[in-house]
Amino acid sequence: MTIHSHAKINLGLRVLGKRDDGYHDLATIFVPVDLCDTVELHTRDLGLSMECTRDDVPCDSGNLCLRAAAEVYRFAGGGGVHIALDKRIPVGAGLGGGSSNAAMVLRALPRLWGVDIPDDELHAMAARLGSDVPFFLHDGPALAGGRGEILTPLNVRLPWWIVLVTPGIHVSTAWAYAALGTREWQPDPRLDLLLTDAVRGGDSAPLLVNDFEPAVFERWPAIAEMKRRLLENGAVGALMSGSGSTVFGLFSDALEAQAALAEFAPGQVLGVTAPDFSPMPFTPRG
Ligand code: C5P
(Lines give C-alpha, C1' and ligand atoms only; values in the text may rest on other atoms or scores of the structure.)
Protein backbone atom coordinates (compact mmCIF):
# COMPACT_ATOMS: atom_id res chain seq x y z
CA MET A 1 0.00 0.00 0.00
CA THR A 2 1.44 3.39 -1.04
CA ILE A 3 0.25 6.60 0.62
CA HIS A 4 1.05 10.25 -0.11
CA SER A 5 1.84 12.03 3.12
CA HIS A 6 1.36 15.77 2.65
CA ALA A 7 2.93 18.68 4.51
CA LYS A 8 1.01 21.56 6.13
CA ILE A 9 1.54 25.27 6.62
CA ASN A 10 0.17 27.48 9.38
CA LEU A 11 -1.91 30.36 8.07
CA GLY A 12 -1.38 32.38 11.24
CA LEU A 13 -0.04 30.97 14.51
CA ARG A 14 -0.77 32.64 17.84
CA VAL A 15 0.54 31.28 21.12
CA LEU A 16 -2.13 32.13 23.69
CA GLY A 17 -0.36 31.10 26.90
CA LYS A 18 1.54 28.40 28.78
CA ARG A 19 -0.42 25.60 30.46
CA ASP A 20 0.23 23.71 33.68
CA ASP A 21 1.25 20.58 31.71
CA GLY A 22 4.15 22.44 30.03
CA TYR A 23 2.43 22.73 26.64
CA HIS A 24 1.11 25.98 25.19
CA ASP A 25 -2.44 26.73 24.09
CA LEU A 26 -2.43 28.09 20.57
CA ALA A 27 -4.66 29.25 17.75
CA THR A 28 -3.72 28.39 14.19
CA ILE A 29 -5.14 27.45 10.80
CA PHE A 30 -3.57 24.34 9.33
CA VAL A 31 -3.61 24.15 5.53
CA PRO A 32 -2.44 21.06 3.58
CA VAL A 33 0.05 21.69 0.75
CA ASP A 34 1.10 19.74 -2.32
CA LEU A 35 4.60 18.81 -1.05
CA CYS A 36 4.55 15.21 0.17
CA ASP A 37 6.52 12.20 1.35
CA THR A 38 5.61 8.68 0.26
CA VAL A 39 4.85 6.04 2.87
CA GLU A 40 4.81 2.40 1.72
CA LEU A 41 3.38 -0.28 3.96
CA HIS A 42 4.45 -3.90 3.33
CA THR A 43 2.73 -6.65 5.30
CA ARG A 44 5.02 -8.87 7.37
CA ASP A 45 4.20 -11.94 9.43
CA LEU A 46 5.04 -10.30 12.72
CA GLY A 47 6.84 -7.24 14.06
CA LEU A 48 7.39 -3.60 13.09
CA SER A 49 10.32 -2.24 11.09
CA MET A 50 11.10 0.67 8.78
CA GLU A 51 13.59 2.19 6.38
CA CYS A 52 14.00 5.76 5.11
CA THR A 53 15.65 7.41 2.11
CA ARG A 54 17.36 9.92 4.42
CA ASP A 55 20.22 8.95 6.76
CA ASP A 56 19.43 11.62 9.33
CA VAL A 57 15.92 10.29 9.97
CA PRO A 58 15.88 7.68 12.78
CA CYS A 59 14.40 4.29 11.92
CA ASP A 60 13.92 3.17 15.52
CA SER A 61 11.31 4.00 18.17
CA GLY A 62 12.37 7.66 17.82
CA ASN A 63 10.47 7.73 14.51
CA LEU A 64 6.83 8.75 14.77
CA CYS A 65 5.89 6.25 12.01
CA LEU A 66 7.00 3.30 14.12
CA ARG A 67 5.35 4.77 17.20
CA ALA A 68 2.11 5.12 15.21
CA ALA A 69 2.43 1.51 14.06
CA ALA A 70 2.98 0.48 17.69
CA GLU A 71 -0.29 2.22 18.67
CA VAL A 72 -2.20 0.26 16.01
CA TYR A 73 -0.35 -2.96 16.97
CA ARG A 74 -1.41 -2.54 20.61
CA PHE A 75 -5.04 -1.97 19.59
CA ALA A 76 -5.03 -4.92 17.19
CA GLY A 77 -3.22 -7.21 19.65
CA GLY A 78 -0.51 -8.08 17.10
CA GLY A 79 0.44 -7.69 13.45
CA GLY A 80 3.44 -7.16 11.20
CA VAL A 81 4.49 -4.37 8.84
CA HIS A 82 7.58 -2.92 7.19
CA ILE A 83 7.37 0.83 6.46
CA ALA A 84 9.42 2.37 3.63
CA LEU A 85 9.52 6.15 3.90
CA ASP A 86 10.57 8.31 0.94
CA LYS A 87 11.27 11.74 2.47
CA ARG A 88 10.91 14.95 0.49
CA ILE A 89 9.48 17.17 3.25
CA PRO A 90 12.44 18.75 5.07
CA VAL A 91 12.87 17.89 8.75
CA GLY A 92 12.63 20.63 11.43
CA ALA A 93 11.06 22.90 8.85
CA GLY A 94 7.66 23.75 10.38
CA LEU A 95 5.86 21.65 7.76
CA GLY A 96 4.67 18.81 10.02
CA GLY A 97 6.35 16.11 7.92
CA GLY A 98 6.90 13.60 10.75
CA SER A 99 3.40 14.24 12.11
CA SER A 100 1.89 13.68 8.66
CA ASN A 101 3.81 10.42 8.22
CA ALA A 102 2.55 9.17 11.59
CA ALA A 103 -1.06 10.08 10.81
CA MET A 104 -0.86 8.25 7.47
CA VAL A 105 0.28 5.10 9.27
CA LEU A 106 -2.67 5.49 11.69
CA ARG A 107 -5.05 5.81 8.73
CA ALA A 108 -3.62 3.11 6.49
CA LEU A 109 -2.40 0.34 8.79
CA PRO A 110 -5.86 -0.56 10.18
CA ARG A 111 -7.05 -0.95 6.54
CA LEU A 112 -4.07 -3.15 5.73
CA TRP A 113 -4.65 -5.34 8.78
CA GLY A 114 -8.46 -5.30 8.54
CA VAL A 115 -8.88 -3.68 11.96
CA ASP A 116 -11.67 -1.20 12.68
CA ILE A 117 -10.54 1.61 15.00
CA PRO A 118 -13.26 4.07 16.10
CA ASP A 119 -12.60 7.72 15.15
CA ASP A 120 -12.28 8.94 18.73
CA GLU A 121 -9.73 6.22 19.51
CA LEU A 122 -7.73 7.11 16.37
CA HIS A 123 -7.79 10.78 17.40
CA ALA A 124 -6.57 9.90 20.91
CA MET A 125 -3.70 7.85 19.42
CA ALA A 126 -2.78 10.77 17.14
CA ALA A 127 -2.80 13.29 20.02
CA ARG A 128 -0.54 11.00 22.08
CA LEU A 129 1.99 10.96 19.21
CA GLY A 130 2.20 14.76 18.84
CA SER A 131 0.22 18.00 18.85
CA ASP A 132 0.14 18.30 15.02
CA VAL A 133 -0.73 14.66 14.27
CA PRO A 134 -4.58 14.81 14.63
CA PHE A 135 -4.84 17.44 11.86
CA PHE A 136 -3.44 14.95 9.34
CA LEU A 137 -6.22 12.44 10.03
CA HIS A 138 -8.36 14.63 7.72
CA ASP A 139 -7.65 16.21 4.35
CA GLY A 140 -8.80 19.85 4.44
CA PRO A 141 -7.92 23.17 6.12
CA ALA A 142 -8.81 23.33 9.83
CA LEU A 143 -8.85 25.81 12.67
CA ALA A 144 -6.87 24.42 15.61
CA GLY A 145 -6.97 25.23 19.31
CA GLY A 146 -5.77 23.60 22.53
CA ARG A 147 -2.19 22.42 21.93
CA GLY A 148 -3.12 21.96 18.25
CA GLU A 149 -5.34 18.89 18.63
CA ILE A 150 -8.77 20.54 18.96
CA LEU A 151 -9.85 20.90 15.35
CA THR A 152 -12.69 22.57 13.47
CA PRO A 153 -12.76 21.80 9.72
CA LEU A 154 -13.03 24.98 7.62
CA ASN A 155 -15.26 24.87 4.60
CA VAL A 156 -13.38 27.55 2.69
CA ARG A 157 -11.92 27.84 -0.81
CA LEU A 158 -8.42 29.28 -0.50
CA PRO A 159 -7.81 31.54 -3.54
CA TRP A 160 -4.00 31.70 -3.38
CA TRP A 161 -1.08 29.98 -5.04
CA ILE A 162 1.15 29.01 -2.12
CA VAL A 163 4.93 29.17 -2.72
CA LEU A 164 7.17 27.34 -0.24
CA VAL A 165 10.84 28.24 0.21
CA THR A 166 13.35 26.94 2.72
CA PRO A 167 16.63 28.37 3.98
CA GLY A 168 17.75 24.80 4.88
CA ILE A 169 17.85 25.59 8.61
CA HIS A 170 16.67 23.07 11.22
CA VAL A 171 14.62 24.72 13.99
CA SER A 172 13.72 22.61 17.05
CA THR A 173 10.07 23.10 18.03
CA ALA A 174 10.92 22.72 21.73
CA TRP A 175 13.62 25.44 21.34
CA ALA A 176 11.14 27.79 19.64
CA TYR A 177 8.58 27.39 22.43
CA ALA A 178 11.29 27.92 25.07
CA ALA A 179 12.50 31.05 23.21
CA LEU A 180 9.04 32.61 23.60
CA GLY A 181 9.76 33.08 27.33
CA THR A 182 7.02 34.03 29.75
CA ARG A 183 4.20 36.08 28.33
CA GLU A 184 0.75 37.29 29.19
CA TRP A 185 -2.18 35.10 28.12
CA GLN A 186 -3.57 36.38 24.82
CA PRO A 187 -7.29 36.46 23.92
CA ASP A 188 -8.55 34.15 21.12
CA PRO A 189 -7.72 36.03 17.86
CA ARG A 190 -10.62 34.34 15.94
CA LEU A 191 -8.42 33.33 13.02
CA ASP A 192 -11.45 31.81 11.26
CA LEU A 193 -13.02 35.28 10.94
CA LEU A 194 -9.70 36.83 9.87
CA LEU A 195 -9.38 34.11 7.21
CA THR A 196 -12.89 34.71 5.89
CA ASP A 197 -12.05 38.39 5.55
CA ALA A 198 -8.73 37.72 3.78
CA VAL A 199 -10.33 35.21 1.39
CA ARG A 200 -12.92 37.84 0.42
CA GLY A 201 -10.10 40.18 -0.63
CA GLY A 202 -9.68 42.00 2.68
CA ASP A 203 -6.36 42.72 4.37
CA SER A 204 -4.49 39.46 5.12
CA ALA A 205 -2.04 41.16 7.53
CA PRO A 206 -4.09 40.54 10.73
CA LEU A 207 -4.27 36.81 9.84
CA LEU A 208 -0.63 36.43 8.83
CA VAL A 209 0.99 36.73 12.25
CA ASN A 210 3.26 33.99 13.62
CA ASP A 211 4.30 34.51 17.25
CA PHE A 212 7.49 32.49 16.67
CA GLU A 213 8.83 34.86 14.03
CA PRO A 214 10.51 37.47 16.30
CA ALA A 215 12.66 34.93 18.21
CA VAL A 216 13.42 32.76 15.16
CA PHE A 217 14.21 35.76 12.91
CA GLU A 218 16.55 37.17 15.53
CA ARG A 219 18.48 33.89 15.73
CA TRP A 220 18.43 33.24 11.93
CA PRO A 221 18.13 36.51 9.96
CA ALA A 222 18.29 34.50 6.69
CA ILE A 223 14.72 33.33 7.34
CA ALA A 224 13.44 36.92 7.66
CA GLU A 225 15.32 37.73 4.45
CA MET A 226 13.45 34.98 2.56
CA LYS A 227 10.12 36.37 3.75
CA ARG A 228 11.15 39.86 2.62
CA ARG A 229 12.10 38.54 -0.84
CA LEU A 230 8.71 36.85 -1.28
CA LEU A 231 6.95 40.12 -0.44
CA GLU A 232 9.25 42.09 -2.77
CA ASN A 233 8.43 39.67 -5.57
CA GLY A 234 4.67 40.01 -5.60
CA ALA A 235 3.36 37.95 -2.67
CA VAL A 236 0.13 39.40 -1.26
CA GLY A 237 1.25 37.98 2.09
CA ALA A 238 4.11 35.88 3.47
CA LEU A 239 4.77 34.10 6.76
CA MET A 240 7.03 31.58 8.43
CA SER A 241 5.28 28.20 8.90
CA GLY A 242 5.08 26.65 12.38
CA SER A 243 8.24 27.16 14.38
CA GLY A 244 10.21 27.54 11.12
CA SER A 245 12.24 27.48 9.07
CA THR A 246 10.05 27.23 5.96
CA VAL A 247 8.51 30.47 4.69
CA PHE A 248 5.47 30.62 2.42
CA GLY A 249 4.18 33.35 0.13
CA LEU A 250 0.58 33.75 -1.04
CA PHE A 251 0.16 34.82 -4.67
CA SER A 252 -3.00 35.75 -6.53
CA ASP A 253 -1.85 34.31 -9.85
CA ALA A 254 0.23 31.41 -11.10
CA LEU A 255 2.59 33.44 -13.29
CA GLU A 256 3.55 35.73 -10.42
CA ALA A 257 4.15 32.71 -8.22
CA GLN A 258 6.44 31.13 -10.85
CA ALA A 259 8.29 34.41 -11.38
CA ALA A 260 8.91 34.75 -7.62
CA LEU A 261 10.30 31.18 -7.47
CA ALA A 262 12.90 32.11 -10.08
CA GLU A 263 14.36 34.55 -7.51
CA PHE A 264 15.46 31.67 -5.27
CA ALA A 265 18.19 29.04 -5.65
CA PRO A 266 16.83 25.65 -6.82
CA GLY A 267 17.73 24.05 -3.46
CA GLN A 268 15.60 26.63 -1.64
CA VAL A 269 12.41 25.97 -3.60
CA LEU A 270 9.98 23.41 -2.15
CA GLY A 271 7.18 23.96 -4.66
CA VAL A 272 3.88 25.64 -5.40
CA THR A 273 0.41 24.60 -4.25
CA ALA A 274 -2.59 25.52 -6.42
CA PRO A 275 -5.68 27.28 -5.01
CA ASP A 276 -8.21 25.09 -3.17
CA PHE A 277 -5.75 22.17 -3.01
CA SER A 278 -6.98 18.97 -1.39
CA PRO A 279 -4.72 15.96 -0.73
CA MET A 280 -5.67 12.52 -2.04
CA PRO A 281 -3.42 10.35 0.12
CA PHE A 282 -4.74 6.98 -1.02
CA THR A 283 -4.79 7.74 -4.76
CA PRO A 284 -1.54 6.54 -6.34
CA ARG A 285 0.04 9.19 -8.55
CA GLY A 286 2.95 9.39 -10.96
O1 C5P B 1 3.46 17.74 20.71
P2 C5P B 1 4.85 17.72 20.16
O3 C5P B 1 5.61 16.49 20.55
O4 C5P B 1 4.91 17.98 18.70
O5 C5P B 1 5.60 18.97 20.84
C6 C5P B 1 7.01 19.12 20.86
C7 C5P B 1 7.38 20.12 21.95
O8 C5P B 1 6.89 21.44 21.59
C9 C5P B 1 6.73 19.85 23.30
O10 C5P B 1 7.53 19.02 24.08
C11 C5P B 1 6.60 21.22 23.90
O12 C5P B 1 7.85 21.63 24.44
C13 C5P B 1 6.34 22.10 22.70
N14 C5P B 1 4.91 22.37 22.46
C15 C5P B 1 4.23 23.27 23.29
N16 C5P B 1 2.92 23.56 23.03
C17 C5P B 1 2.27 23.01 21.96
C18 C5P B 1 2.95 22.10 21.11
C19 C5P B 1 4.26 21.81 21.38
O20 C5P B 1 4.80 23.80 24.25
N21 C5P B 1 1.01 23.36 21.72
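Structure values in brief
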quantity	calculated
Tally, over region 131-179, of residues that are more than 11 Å from the ligand (Cβ to nearest atom) and in a strand (DSSP E or B)	10
Out of Gly92, Gly78, sole residue that is in a loop (DSSP other than H, G, I, E, B) and modelled with pLDDT under 95	Gly92
Filter result for Gly62 (under 22 Å from the mean Cα position of the chain (by Cα), within 16 Å of the ligand (Cβ to nearest atom) and loosely packed, with under 12 Cβ neighbours inside 10 Å)	yes
Answer from Val105, Val91 - the residue that is aliphatic (A, V, I, L, M), buried (at least 23 other Cβ atoms within 10 Å of the Cβ) and touching a residue at least 24 places away in the same chain (Cβ under 8 Å)	Val105
Considering residues of region 1-39 that are crowded, with 16+ Cβ neighbours inside 10 Å and among the acidic types (Asp, Glu) only, the residue nearest to the ligand (Cβ to nearest atom)	Asp25
Search result, residues across region 116-125 that are touching a residue at least 40 places away in the same chain (Cβ under 8 Å), aliphatic (A, V, I, L, M) and part of a helix (DSSP H, G or I)	Met125
Residue, surrounded by the most Cβ atoms within 10 Å (Cβ to Cβ), within region 182-207, restricted to residues that are within 19 Å of Arg19 (Cβ to Cβ) and not hydrophobic (A, V, I, L, M, F, W, C)	Pro189
Residue in region 140-151 that is under 24 Å from Glu51 (Cβ atoms) and under 12 Å from the mean Cα position of the chain (by Cα) present	no
Unique match (being of a type outside the set (Ser, Thr, Tyr) and modelled with pLDDT under 95) among Leu46, Leu41	Leu46
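Residue-wise test of (1) at pLDDT below 95; (2) at negative phi; (3) of a type in the set (D, E, K, R).
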site: Trp161; (1), (2), (3): no, yes, no
site: Thr166; (1), (2), (3): no, yes, no
site: Asp192; (1), (2), (3): no, yes, yes
site: Gly201; (1), (2), (3): yes, no, no
site: Glu213; (1), (2), (3): no, yes, yes
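The values are calculated or read from the model by the stated rules, or taken from the named source; none is laboratory data. Just so we're clear, the structure is a prediction, and the values are computed from it rather than from any experiment. Note: ideal-geometry Cβ built from the backbone for every residue, glycine included; neighbour counts use all protein chains shown.
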